[in-house]
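As structure tokens, the structure follows; a few thoughts come after it.
Quick note: the coordinates plus some simple rules give every number you see, no bench work behind them. A quick note: this is a predicted structure, and the numbers were derived from the prediction, not measured. Neighbour counts are summed over all protein chains in view; Cβ atoms, including those assigned to glycine, are modelled from backbone coordinates with ideal geometry.
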Amino acid sequence: MAYQQLAVIYDLLMEDTPYQEWLAFTKKHLKPSARRVLDLGCGTGKMSVLLSKAGYQMTGVDLSEDMLVEASQRALTEKQSIQWIQQDMTALEGFNNYDAVVSYLDVVNYLPDLSSVTQVFSNVYHALNDSGVFLFDVHSMGHVEKMVNEIYSVVDERYSYIWFCEPGQYPGAMRHDLTFFIQDGELYQRFDEVHQQRTFTVSAYMDALRQVGFKAVHLYQDFEPNERTLENIDNEDARFFFVAKK
């Protein structure tokens, strides 16, 4: 299963990720009165903990039990009270009256088709209160085209990996074959993981959001402060951010 063994070293791999920019983006687009926030696909809980420290009442949801173990330990270390729940985001149950739902670092790109995307958007819609907001990001189609058929590698004292990125079966899809070597005393332990991702056009995401009931959908690109439109997006190699309001 994806992330089963990766959970232990995930934070090492992501240590250069600009989490503070995601935090600033979130705070900018939430109302001052917002308190209850659901982190969908929370992983090891880095974003959940940052938002908790910023004063939000956090719930973290992830499919991976291993990721949630790491998240729980992080919250204990950082002295943050966060509720952690293991659920599949395509089948969310028991969530309601949240001021906001966030889903960052291309979590939505793990959904295999538009039917699943629409189902998750519907689940989020019903988890929000009447003035709730949904914030998420996805890769652009151009980013996927740039990544496929490439080989990436990293050699570090603590770990090394080889990453093959292959095109998937459909446009916007890619398959990641990863082989890791993790330091274990004087030896290195090997493990392999496979991840499947897929992205869709900006208009497809907007249509799905409106289909489930979101009234206002705003588009941003790569942490830029100004809103984009379908006419002025740069699809070459970008991360798109959506702010959807009920």
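Computed from backbone phi with θ = phi - 60° and the Karplus coefficients 6.51, -1.76 and 1.60, the 3J(HN,Hα) list for region 124-130 is 5, 3, 6, 7, 8, 6, 5 Hz; x is used for glycine and proline. Picking from GLU227, GLU236, GLU15, which is most flexible by a Gaussian network model of the chain using Cα springs under 10 Å? So, out of GLU227, GLU236, GLU15, the one fluctuating most is GLU15. Averaging the Cα positions of each part gives two centres, and for region 168-246 and region 103-131 these lie 12 Å apart. Region 135-154 and region 17-50 have their alpha-carbon centroids 23 Å apart. Overall form of region 43-158: oblate. Here a/c, set by the Cα gyration tensor axes a ≥ b ≥ c, is 1.5 or more, and a/b is not larger than b/c. Computed over the Cα atoms of the chain, the ratio of the radius of gyration to the Kirkwood radius (Rg/Rh) comes to 0.96.
Taking every DSSP helix (H) stretch of at least 4 residues in the chain, weighting each as -39,500 (n - 2.57) and dividing the sum by the residue count yields a mean residue ellipticity at 222 nm of -8000 deg cm²/dmol.
By other beta-carbon atoms within 10 Å, ranking SER131, SER81 with the fewest at the front produces SER81, SER131. Taking 7 Å steps out from each Cα toward its Cβ at ASP207 and LEU13 produces label points 3.3 nm apart. Multiplying the residue separation of TYR188 and ILE85 by 0.36 nm and subtracting their alpha-carbon distance yields 33.8 nm.
Each Cα pair under 8 Å and six or more residues apart adds its sequence gap; the mean of these over the residue count of region 102-246 is a relative contact order of 29 percent. Taking all Cα pairs closer than 8 Å and separated by 6 or more residues, the relative contact order of the chain comes to 17 percent. Excluding same-chain neighbours fewer than eight residues apart, the lysines reachable from LYS246 by a Cα-Cα span under 28 Å are LYS27, LYS28, LYS31, LYS46, LYS53, LYS215.
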